[in-house]
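The structure under discussion appears below in the form of structure tokens.
The values are calculated or read from the model by the stated rules, or taken from the named source; none is laboratory data. All values derive from a computational prediction rather than experimental measurement. Heads up, the Cβs are rebuilt from the backbone with ideal geometry, glycines too, and the neighbour counts pull from every protein chain shown. We work out accessible area using only protein heavy atoms, side chains counted, and drop any ligands, DNA or RNA first. Shrake-Rupley method; radii C 1.70, N 1.55, O 1.52, S 1.80 Å.
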Amino acid sequence: MAEPDLAQLRDRIEAVDRKIIALVAERLKIVEDVVAAKLTAASPFRDREREDLLLQRLRKLAIDAGLDPHQVERLYRVVMDMSVAHQEATVRNRSDAPLRISYQGVEGSFSHLAAQRRYAGRPGGALLSGHDTFRGAAEAVTSGAADLALLPIENTTAGSINETYDLLAGGALHITGEVVSAIEHCLLALHGVPLADLRTVISHPQALAQCHELFAKHPHLTARADLDTAGAARRVAEANDRSLAAIASSAAAQRYGLAVVARGIQSATGNATRFVEVGLRPAPVPDGVAAKTSLMFALTDRTGVLGDTLSRLAARNLSLTKLESRPIPEAPFTYRFYADVLGHAASEPFQAALDDIRPLTTDLRVLGTYPSAV
């Protein structure tokens, strides 16, 4: 038997290495097309769940090939990091840079679906990024990581989303738009599990509040708060627990391979959520478009001052569509008010109204003027 030729073996290894490099380059070329598709569809930039599923499949392939699955996973984590870096470079080098949008939740959440509907098809595309909290989505804008955030601010069933109002009080963000999205909540569980076998239902506190009648009708169900609707659906899929369910969208059921046990479980018909788009700078309102302006103000301490403020707005023929109060943490048992008023803040009647009410306030700010959606 002839002795192996070390030089020839090294040549063969180098030939394999050249193929590997060529395949990595081919993979990165495909990534460029993925970027274009994501921008057009306004899909999230990085999909952690898909990456985890890919790594699971690769570990199985490694075992089938007689390789160490942990080492293969290490190798492919590097490859995926290369892919993400290549996506970012591809976006940076585009002449029509996409709009970067942050939202609270994961893919399939109602915030994600609202953002996708609003920005899909935008010239230049849109790059969506999900965050665990409303504050995280807002801070992505203030830090420069995102151009805009889309945050829920009120629901027709559960009322105001206080955290969003509190974030607006910080003063760094301006409301640049609003969108109203119909919300159909679904009860999601593992396939083949009837409602009678369920015991615990997890979801975002707002979603649980919007479906309070479900728990009244089915007292064997216990509600448990979670960070996000779609995130709750993902946890049900991962837990593989037949007693566990989530309240989320039908899109989340499809995304995480769950069954829809019941549809339209929200307590009120016509359930809808109003989202506000926020950015670092005000945005112009096109001519001929009905405008809405959001104000924030704190009042002087005297009898009847709130009534006087509202009367002075009405005297200028300005229509109030919402009034909300929130406590001022640094001044116990005092409150700031948020008002939505139809009209443009730059118009003569609105400017006159602001001058009228300013003496009644200790703090008066225009949070933004934007096209009215309702």
Fill in: Qualifying lysines (Cα of each under 19 Å from Cα of residue 29; at least 8 residues distant if same chain)
19, 38
Fill in: Stretchable slack from residue 182 to residue 355, in nm (0.36 nm times residue separation minus alpha-carbon distance)
58.5 nm
Practice prompt. Return the single residue from 102, 250, 325 with maximal mean-square fluctuation; model: Gaussian network over the chain, springs between Cα atoms under 10 Å.
Written response: 325
Worksheet item: Hey, rough spin-label estimate for residue 314 and residue 328, points 7 angstrom out along Cα→Cβ, what's it come to in nanometres?
Response: 2.5 nm
Practice prompt. Give the whole-number value, in cubic angstrom per residue, of the convex hull volume spanned by the C-alpha atoms of region 289-374.
Written response: 90 Å³
Worksheet item: What ranking of 21, 30, 247 comes out by heavy-atom accessible area, probe 1.4 Å, highest first?
Response: 21, 30, 247
Item to complete: Tell me the label-point distance for the pair residue 36, residue 365, using the 7 Å Cα-to-Cβ offset, in nm and rounded to one decimal.
Response: 4.3 nm
Worksheet item: Rounded to the nearest whole Å², what accessible area per residue is found for the chain with the 1.4 Å probe?
Response: 51 Å²
Discussion item. From the protein chains alone at 1.4 Å, what is the descending order of accessible area for 306, 54, 39, largest first?
Written reply: 306, 54, 39
Worksheet item: Tell me, what % of the accessible area of region 207-312 is carbon and sulfur with a 1.4 angstrom probe?
Response: 51 percent
Discussion item. In the chain, once you exclude exposed GluC sites (Glu not before Pro) (DSSP loop, at most 13 other Cβ within 10 angstrom), what's the longest stretch remaining?
Written reply: 1-183
Worksheet, complete the sentence: Given 219-226, 74-81, the highest-first ranking by average Cβ count within 10 Å works out to 219-226, 74-81
Worksheet item: At 222 nm, what helix-only mean residue ellipticity would the chain give, in deg cm²/dmol to the nearest 500, using -39500 (n - 2.57) for each DSSP H run of four or more?
Response: -13000 deg cm²/dmol
Discussion item. Rounded to whole Å, give me the distance from the Cα center of region 145-220 to that of region 309-341.
Written reply: 25 Å
